Structure formats: structure tokens, C-alpha cells
Amino acid sequence: MICCSSTSEHRPRALRVACHIACGLALGLVLAAVLGLAVMLLWNHLMPQLFHLSTISYCQGLGLFILGRLLFGGLCHRPRRFHGHRHGHCGCHKKEEETPNH
């Protein structure tokens with residue numbers, strides 16, 4: 001990331017953590033904006049012609065993206081590594097040791 005470059009080793013730990021959080025939030029907002037726009041454009045291109053539905057606004061496209069993510073993707077999107085162990089965000093992923101070997 002730009003604000004968390006390799007020269008940041010000399011910064012205090014709290015500042016580096018804050019930088020990572022800020023960069024992550026900024027990236028998340030940009031990604032949500034782009035995906036909301038993609039949903040709106042796809043809907044407005046396909047749905048009125050195929051199903052005779054009305055077009056939607058950007059905010060409605062963003063809302064559809066969030067709704068689809070909640071309904072079909074959930075909040076657990078992938079396990080992450082944390083101090084060498086695998087943990088899911090909301091406990092939906094089991095640890096490797098807990099899965100039976102068949």
C-alpha cells in the first residue's frame with residue numbers, strides 16, 4: 001500500500017496500525033463504489049430488456065450488491081492467518097485440526 005510503504009519500519013507501531021486501517025478502509029470504500037457501479041450498469045443493461053424491469057440508480061445498485069453479499073456470500077469470505085493459525089471471521093470456518101481425516 002502507498003501509505004504503508006517499506007520505509008514505515010521506523011514509525012511507531014500505533015502509527016503503522018492506524019495507517020493499515022486507514023488504507024484498508026479507503027480500499028474498501030473504493031471497491032464498494034466500483035462494485036455498486038458495476039451492479040447498476042449490469043442491471044440497467046440486462047434487466048429492462050430481458051424482464052421489462054425499470055432501471056435502478058447507483059444507490060440502489062450499491063444496495064443490491066450489499067444485499068446479495070449478505071444473502072449469498074455472508075460475512076465470512078475466507079479464512080485468514082493470524083499468528084500462524086487459521087481463523088474465520090465469524091467462526092464459520094473450522095480449524096484444520098478439528099476436521100476429521102477420512
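The slack between residue 14 and residue 35, meaning 0.36 nm per residue of separation minus the straight C-alpha distance, is 4.4 nm. Spin-label model, residue 59/residue 45: points 7 Å from Cα along the beta carbon direction are separated by 2.5 nm. Please give the FRET efficiency for residue 21 paired with residue 52, using the beta carbon to beta carbon distance and R0 = 41 Å, rounded to the nearest 0.05. Calculated transfer efficiency: 0.35.
Where a number appears in this text, it was derived from the coordinates with a stated rule and is not lab data. Please read all numbers here as calculations on a predicted model, not as lab measurements. Neighbour counts are summed over all protein chains in view; Cβ atoms, including those assigned to glycine, are modelled from backbone coordinates with ideal geometry.
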